[in-house]
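The values are calculated or read from the model by the stated rules, or taken from the named source; none is laboratory data. Predicted model only: the values in this text are computed from it and were never measured. Virtual Cβ from ideal backbone geometry, glycine too; neighbours counted across all protein chains shown. With ligands, DNA and RNA removed, areas are computed over all heavy atoms of the protein, side chains included. Shrake-Rupley method; radii C 1.70, N 1.55, O 1.52, S 1.80 Å.
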Amino acid sequence: RCGSLGLPVSRETLEAFLLPEAVSAIAESAFFCPYPTCEIVYFDVFERSVGTSSVRRAVYPKDPNAPICGCFGLTRDDIDQDIAEGVVTRCKDLIAKSKTPAARCPILAADGRSCVPEVQRYYMKTRQTAETAKPT
């Protein structure tokens, strides 16, 4: 509906995130809509879609308060705290954990992918905003 390009997800991801009745309402091959303000979470090529009311839990970026990292629970607040403290402790810890078997992105991430690129993007954008807001 929003016109953004969807990210392909596996059936495993759909089953982990959707309520049972929603899983059967969408094709085996589906896509995640990453656009934050779009109410559609998953859709297929047959123009069938499921929205935020059909997911088991809040997903980022649809809900900015949901963890960015589904595997380890890292949130925007955690990243903001790293920036405020002038460290990258939480972010580095997440990156290290993302390389372990405990990172089960296809099941624990709504888009079925590693959150590391999104964590890095959010960190850099927020850090840059904080630096330009500093009084000189």
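Kindly evaluate residue 36 against the criterion of being in contact with a Lys or Arg (Cβ under 7 Å, 6 or more places away or on another chain) and open to solvent by 50 Å² or more (accessible area, probe 1.4 Å).
Yes; evaluated as a whole, the condition is true for this residue.
Return only the number of the condition from (1) touching a Cys at 6+ places or on another chain (Cβ under 9 Å); (2) open to solvent by 70 Å² or more (accessible area, probe 1.4 Å) that residue 46 does not satisfy.
Exception for residue 46: condition (1).
Here's a check for you: in the stretch 60-97, which residue that is crowded, with 19+ Cβ neighbours inside 10 Å, within 23 Å of residue 19 (Cβ to Cβ) and of a type in the set (A, V, I, L, M, F, W, C) is farthest from the chain's Cα centre (by Cα)?
That would be 71.
When both residues are 6+ apart or on different chains and their Cβ atoms are under 7 Å apart, which pairs have a first residue that lies in the stretch 15-34 and is under 17 Å from residue 1 (Cβ atoms), and a second that is open to solvent by less than 10 Å² (accessible area, probe 1.4 Å) and among the aromatic types (Phe, Trp, Tyr)?
26/42; 30/42; 31/42; 32/42
Where the second residue is surrounded by 13 or more Cβ atoms within 10 Å (Cβ to Cβ) and the first is free of Cβ contacts under 8 Å to residues at least 12 places away in the same chain and lies in the stretch 35-59, which pairs have Cβ atoms under 7 Å and are six or more apart or on separate chains?
58/66
Taking the conditions exactly as written (of a type in the set (Lys, Arg), crowded, with 18+ Cβ neighbours inside 10 Å and out of contact with any strand residue (DSSP E or B) (no Cβ under 7 Å at 6 or more places or on another chain)), does residue 57 satisfy them or not? Give the derivation first.
Values: of a type in the set (Lys, Arg): yes; crowded, with 18+ Cβ neighbours inside 10 Å: no; out of contact with any strand residue (DSSP E or B) (no Cβ under 7 Å at 6 or more places or on another chain): yes.
No.
Sort out which residues of the stretch 99-125 are crowded, with 16+ Cβ neighbours inside 10 Å and free of Cβ contacts under 8 Å to residues at least 60 places away in the same chain, and write them in order of number.
Scanning the stretch 99-125 gives 103, 105, 114, 115, 116, 118, 119, 122, 123.
Condition test on residue 132, is it among the polar types (S, T, N, Q), open to solvent by 80 Å² or more (accessible area, probe 1.4 Å) and either more than 25 Å from residue 17 (Cβ to Cβ) or at pLDDT 95 or above (or both)?
In short, yes.
Are any residues in the stretch 33-91 within 14 Å of residue 110 (Cβ to Cβ) and of a type in the set (Phe, Trp, Tyr), and if so, which ones?
Listed by number, the residues that qualify are 35, 42, 43, 60.
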